[in-house]
Every structure is written in structure tokens, then in C-alpha cells.
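Read the figures in this text as sums done on the coordinates, not as results from a lab. Just so we're clear, the structure is a prediction, and the values are computed from it rather than from any experiment. With ideal geometry, Cβ positions are generated from the backbone for all residues, glycine too; neighbour counts draw on all protein chains shown.
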Amino acid sequence: MTDSEPEKFGQARKIKGLLNAAAEELPEVPLHYTLDGMKNTLHLSSMSMYDVKSALLHAGHKVSGSHTNPGALKTTAPNGVLWDVMRAWAKKYPLSEKRMKDPNSVAAKIVTKPSTSLTEVNFERHAVFDAPKVTRFHQNPPNWGPGTRAGRGQGKDEDKVTQDSSVQVESSGVMKEEEMEEAKGEESAKKRKMAE
């Protein structure tokens, strides 16, 4: 795939992004962590992937993303180091008192546990991230995909018949305006006959 023939491959940018993400992955690390999952466990907010990756790089570990998930993190750091980084962030931006007071809170148990491997965590942006940006996960274009699912009708109220109408809606779920007016006329005629 070359840049000279972009019209030949309509999704060339997307393919290149995915291949870049796969090529940058750490081959010796088979599994990944999801930053959102770890943040949710500790109820942390405002922690970016750059913060975690920078802290791990400053600590001397290898770090990469994953081609399967934009929020995934692969690293050679042991679990203890990764949780130490999360604890350091929780100390920098403390958890709510409600979370810390609850004795059964998983977040409180992890945050209050002493650091096992790292004594100091550096969250400064690492120089690796100053390189030119390459988009790895492209957004799908608008109106991309299969569209809406086929159904009986377009709206929720089309299958309902009003109380003053004895006309049943056809199986397609749609009545033409003329049919509706005709049905209303028949209904009023019936009401007048009953009143006489």
C-alpha cells in the first residue's frame, strides 16, 4: 500500500493507523490493562493515558498501547508498580471522604496500602510523547454502518388506534391521511345514528 494510490484503498489511513498501533505494541507482553477499569476501581478522575505511561517510563519500564483498544496499556512493569502509580495519583488528587471512610471500600483498601516498589512517582510528560503524532484509531465517517433496523413503523404511536376510531390499522402499521379522514367521518356518522 503506497501513498501514490490513495483512491485504490479507501480506508488506507485507517489501515496504516491500525498497523502502526500493532507495530508499536510490546511483543513480550501478551495481556493489557485498561486505564478506565483501574480508574473506576479507585474512583479516580482526570488521569490521562499520558500520565500513567510517563510515570512508568520515568520508573524505567517499557510501555505501549494496544491495537485492540485505545484505552489499553501494555507494560513490562509488575502489577505492584502499576498500582503504586495509581496510589501516587490518588495521593496527588485525593479520593472523596465518603470513599475513604467506608471500611469495605476497595478503593480505600488499595489507596491506604503502602507502596511496594516505587518510593517516588514522576508524572511529568516524558520526552517520548514529543514525537510527531500518528492517528492510530480513526473515527468512522458520519452515517457509516448499516443504519436503522427495519421495523413495522417509524414511530411508537403508529400502531395505536384512537379510542373514538373503530378502524384497525393495517399490518404495515401505516394509514394514509385519506383513509384516516374517511374513518373519522364514518365514526361520526355512527355516533349521530346512535344519538337519534
Which residues, counting only those in the range 29-61, are surrounded by 14 or more Cβ atoms within 10 Å (Cβ to Cβ) and of a type in the set (A, V, I, L, M)?
V29, L35, M38, L42, L44, M47, M49, V52, A55, L56, L57, A59
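Any residue at all in the range 17-28 that is in contact with a Leu (Cβ under 8 Å, 6 or more places away or on another chain), part of a loop (DSSP other than H, G, I, E, B) and either crowded, with 19+ Cβ neighbours inside 10 Å or touching a residue at least 12 places away in the same chain (Cβ under 8 Å) (or both)?
First pass over the range 17-28, keeping only residues in contact with a Leu (Cβ under 8 Å, 6 or more places away or on another chain): none.
No, there is no match, as no residue in the range 17-28 is in contact with a Leu (Cβ under 8 Å, 6 or more places away or on another chain), part of a loop (DSSP other than H, G, I, E, B) and either crowded, with 19+ Cβ neighbours inside 10 Å or touching a residue at least 12 places away in the same chain (Cβ under 8 Å) (or both).
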When N79 is evaluated against the numbered criteria (1) out of contact with any Lys or Arg (no Cβ under 7 Å at 6 or more places or on another chain); (2) surrounded by 12 or more Cβ atoms within 10 Å (Cβ to Cβ); (3) of a type outside the set (V, I, T), which criterion, by number, is the only one it fails?
(2)
